[in-house]
1. Would segment 5-18 turn up any residue that is more than 15 Å from the chain's Cα centre (by Cα) and basic (K, R)?
2. Could you check R45 against (1) in contact with a Pro (Cβ under 7 Å, 6 or more places away or on another chain); (2) surrounded by fewer than 16 Cβ atoms within 10 Å (Cβ to Cβ) and say which number it fails?
3. Can you tell me which residue among G15, G55, G30 is under 20 Å from Y101 (Cα atoms), out of contact with any strand residue (DSSP E or B) (no Cβ under 8 Å at 6 or more places or on another chain), in contact (Cβ under 8 Å) with a residue 12 or more places away in the chain and not in a helix (DSSP H, G or I)?
4. Which ones in segment 19-63 are of a type in the set (A, V, I, L, M, F, W, C) and more than 12 Å from the chain's Cα centre (by Cα)?
5. Would you mention how many residues in segment 19-42 are closer than 23 Å to V74 by Cβ and open to solvent by less than 60 Å² (accessible area, probe 1.4 Å)?
6. Quick one: would you say T40 is in contact with an Asp or Glu (Cβ under 9 Å, 6 or more places away or on another chain) and within 21 Å of Q1 (Cα to Cα)?
7. Look through segment 86-113, keep the residues that are aliphatic (A, V, I, L, M) and open to solvent by less than 40 Å² (accessible area, probe 1.4 Å), and return whichever of them is farthest from the chain's Cα centre (by Cα).
Amino acid sequence: QVQLVESGGGFVRAGGSLRLSCTASGRIFGHFTMAWFRRTPGKEREFVAAISGGGVTKRYAGSLEERFTISRDVAANTVDLQMNDLKPDDTAVYYCAARSYWSSTFLPSDFGSWGQGTQVTVSS
């Protein structure tokens, strides 16, 4: 079982930046795919970004790549999400997730391990 703990959420004004971090422990392997999802009230979790086990391959949802950057430290079992030029629509609870394989699809149901989430609030 993989345990995931997010940190780094908070309150920021539009145009500002935040860096989220996720620390993994337990049965972590270097090939685990790590991802970030987010959820706003009344909506399903939506995919934000993912990174392969070695950190070479990254995927982003839509145009988020222009403002968000996912990275990982394999030795430290951490994955970060740098978020720049934040907008009020980015307000959500952000979740870290893990699965043991890489795939081109990123459905929440494909990820077996989740963190508790961290709140990001962006004011206009």
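The values are calculated or read from the model by the stated rules, or taken from the named source; none is laboratory data. Not measured: the values here are computed from a predicted model. Positions of Cβ are generated from backbone atoms using ideal geometry, with glycine treated the same way; all protein chains shown enter the neighbour counts. The area values use the complete protein model at the heavy-atom level, side chains included, leaving out ligands, DNA and RNA. Shrake-Rupley method; radii C 1.70, N 1.55, O 1.52, S 1.80 Å.
1. Within segment 5-18, one or more residues are more than 15 Å from the chain's Cα centre (by Cα) and basic (K, R).
2. Here R45 meets the rest and fails (2).
3. Numbers: G15 fails: under 20 Å from Y101 (Cα atoms); G55 fails: out of contact with any strand residue (DSSP E or B) (no Cβ under 8 Å at 6 or more places or on another chain).
Of G15, G55, G30, the one residue that is under 20 Å from Y101 (Cα atoms), out of contact with any strand residue (DSSP E or B) (no Cβ under 8 Å at 6 or more places or on another chain), in contact (Cβ under 8 Å) with a residue 12 or more places away in the chain and not in a helix (DSSP H, G or I) is G30.
4. Taking segment 19-63 as the starting set, the residues that turn out to be of a type in the set (A, V, I, L, M, F, W, C) are 20, 22, 24, 28-29, 32, 34-37, 47-51, 56, 61.
Residues satisfying the conditions are A24, I28, F29, F32, V56.
5. Taking segment 19-42 and keeping what is closer than 23 Å to V74 by Cβ, we get 19-37.
This time we only want the ones that are open to solvent by less than 60 Å² (accessible area, probe 1.4 Å), so: 20-22, 24-26, 28, 30, 32-37.
Result for segment 19-42: 14.
6. Working: in contact with an Asp or Glu (Cβ under 9 Å, 6 or more places away or on another chain): yes; within 21 Å of Q1 (Cα to Cα): no.
It is false that T40 is in contact with an Asp or Glu (Cβ under 9 Å, 6 or more places away or on another chain) and within 21 Å of Q1 (Cα to Cα).
7. Looking only at segment 86-113, we keep the residues that are aliphatic (A, V, I, L, M), and these are 86, 92-93, 97-98, 107.
Still in the list and also open to solvent by less than 40 Å² (accessible area, probe 1.4 Å): 86, 92-93, 97-98.
Details: L86: 15, A92: 12, V93: 10, A97: 7, A98: 10 Å.
That would be L86.
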